[in-house]
Protein chains: 2
Amino acid sequence: MSKKPKGQPKPVRDRGGRERALVEAAKQVLAEDGFQGFGVNAVARRAGCDKQLIYRYFGGVEGLVGAIGAELAERLRDHLAPLAAMGRPKSYTELVQRMALGLMQALREDLLLRRITAWEVSDSSALVKSLTAARSRGMALWVGETRGDLVPPAVVDAAAVNAVIIAAVQHLVIAAASAGEFAGLALRDEADWERARGAVKALVNSVYEVRP
Amino acid sequence: MSKKPKGQPKPVRDRGGRERALVEAAKQVLAEDGFQGFGVNAVARRAGCDKQLIYRYFGGVEGLVGAIGAELAERLRDHLAPLAAMGRPKSYTELVQRMALGLMQALREDLLLRRITAWEVSDSSALVKSLTAARSRGMALWVGETRGDLVPPAVVDAAAVNAVIIAAVQHLVIAAASAGEFAGLALRDEADWERARGAVKALVNSVYEVRP
DNA sequence: TCCTTTTGTCACTGTTTGGTGACATCATAT
DNA sequence: ATATGATGTCACCAAACAGTGACAAAAGGA
């Protein structure tokens, strides 16, 4: 054993692979442990390489978050893709409903999206701004694609109403994932979520309904 | 300088006062630095006494959070008190509107409430559960007091709808405090917030409106 | 008075964190 | 072959963290 030929399995020497491994590890850490335990040590540990590489290749944890953000818009788009297969919405009401319920489903399915959304409201650091930007870019992209020529009724402040709807969906899903319920409404099995969907649909429906 | 007789101004020896000072410091740290920087060191530093006292009098940081929770229901009640002065709401719609807008105002005014609400969705640890419980107790208390004999229209799932409304308000205020806007809706000056209030009112109004 | 308990502070441990300098190794260009 | 830069790992640093044992001083009961 002059040189320990088995001690280090392989110093692989593959920069691209390491970078990808680091971003992947960062996403895993963020998804599983949340933004609390997020840092260079945890990510490097999970990626199985030295944290120095994070500084060298990404300039620190900021660059790593930036790399996650770069994938984020596409990731959200993928989640909303099935909605596009349903064909064009017939009314503005239907458009907003789809957006709200699609976002709800996406957040329920995607732990990382959920964690990032929670991060956004708990931290005003510049770190998170890029993530927020990427996420809303993804949303705006989808809306732009499927809106067509549908316009909201002029009597309501659609921008404000939609912001409120989106806020509701985000908070509901995030809080429910933490506690299994919110404001007395159980949110565990699919029947519970059907109630939530029904409420959102009722709200959107009634607020955009043209009244005689 | 054999014993530094002037070094310690006064070891006041007032347990009750120290306990109150620690809880007060804990609230300040939580409000100003958020739950990220929250811990025995920060609280003891702010309170100007040794962290050992936290362990002795509160059994650790959990007991400290519990003490905050104990004040929380009352704190929320105080914020909602002005609403009670408006007299009984004339309809269920008005009841829910008041609750939603009152909660919005309370969260906008009270940094601590906001931080705790953000904490609740970002952390599922047992630490936070007591806070969540205290907050919803405060809400339920107020609703129970002012509901009277008002009942929601039977056609809508009021529990689900109200949960959605509350979620919207909480998320909107918390996110806006972090970023100054949400989902493209600026939320800085009072005119912006008037749009948000209008949207919430419109939603509540239309969903609970009995249609012919 | 003496003894015990309470109150408050200090000092220390062990761990984790972000961050950096040093070094061996491999690839490549000269 | 030899210099140069890229890649990867290790060892270390100072700071902050949670938690604990020890000790001095005061308060109060015997």
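Taken together, the values in this text are just the output of simple stated rules run on the coordinates, not laboratory data. Values in this document were obtained by computation on a predicted structure and should not be read as measured data. When we count neighbours, we look across all protein chains shown, and the Cβ atoms used for this are built from the backbone with ideal geometry, even at glycine.
Each of B:ASP78, A:ASP192 was scored by other Cβ atoms within 10 Å of its Cβ. Arranged with the fewest first, they read B:ASP78, A:ASP192. Taking 22 Å as the limit for the C-alpha separation, the pairs B:LYS90/B:LYS201; B:LYS27/B:LYS201; A:LYS27/A:LYS129 exceed it in the case of B:LYS27/B:LYS201. Given in Å, the Rg to one decimal and the Dmax to the nearest whole number for the Cα atoms of the protein assembly as shown are 24.7, 91. Short-range pairs are left out: with C-alpha atoms under 8 Å and at least six residues apart, the relative contact order of segment A:73-196 is 33 percent. Express the relative contact order of chain B as a whole percentage, based on alpha carbon pairs under 8 Å and six or more residues apart in sequence. Answer for chain B is 22 percent. Structural descriptor for segment A:1-124: relative contact order 25 percent, calculated from alpha carbon pairs under 8 angstrom and at least 6 residues apart.
Membrane-span-like helices in chain B, defined here as complete DSSP H runs extending at least 24 Å along the helix axis by their C-alpha atoms with mean Kyte-Doolittle hydropathy no lower than 1.6, are B:158-179; this is a sequence and geometry rule, not a statement about a membrane.
Pairs of alpha carbons in segment B:119-212 separated by more than 20 Å make up 53% of all such pairs. With viscosity 1.567 mPa s and temperature 4 °C, the Kirkwood radius over alpha carbon pairs of segment B:45-125 converts through Stokes-Einstein to a diffusion coefficient of 86 µm²/s. What you get for the protein assembly as shown, charging only the Cβ of Lys and Arg (+1) and of Asp and Glu (-1), is a dipole of about 1820 debye around the Cα centre. With one equal scatterer per alpha carbon and no solvent term, the Debye-computed log10 I(q)/I(0) for segment B:57-206 at 0.09, 0.17 1/Å reads -0.30, -1.04.
With a cut-off of at most 11 other beta carbons within 10 Å, and DSSP calling the residue loop, which trypsin sites (Lys or Arg not before Pro) in segment A:109-195 qualify? Please list them.
Of the trypsin sites (Lys or Arg not before Pro), the ones in loops of segment A:109-195 whose Cβ has at most 11 other Cβ atoms within 10 Å are A:ARG188.
The calculated FRET efficiency for the pair A:GLN52 and A:ALA191, based on their C-beta separation and a Förster distance of 45 Å, comes to about 0.35. Look at B:SER122, A:SER130 and count the other Cβ atoms within 10 Å of each Cβ; fewest to most, that gives A:SER130, B:SER122. Proximity of backbone amide H atoms, modeled 1.01 Å from N, is registered between A:GLU181 and A:LEU187 at under 5 Å, excluding neighbours fewer than 5 places apart on the same chain.
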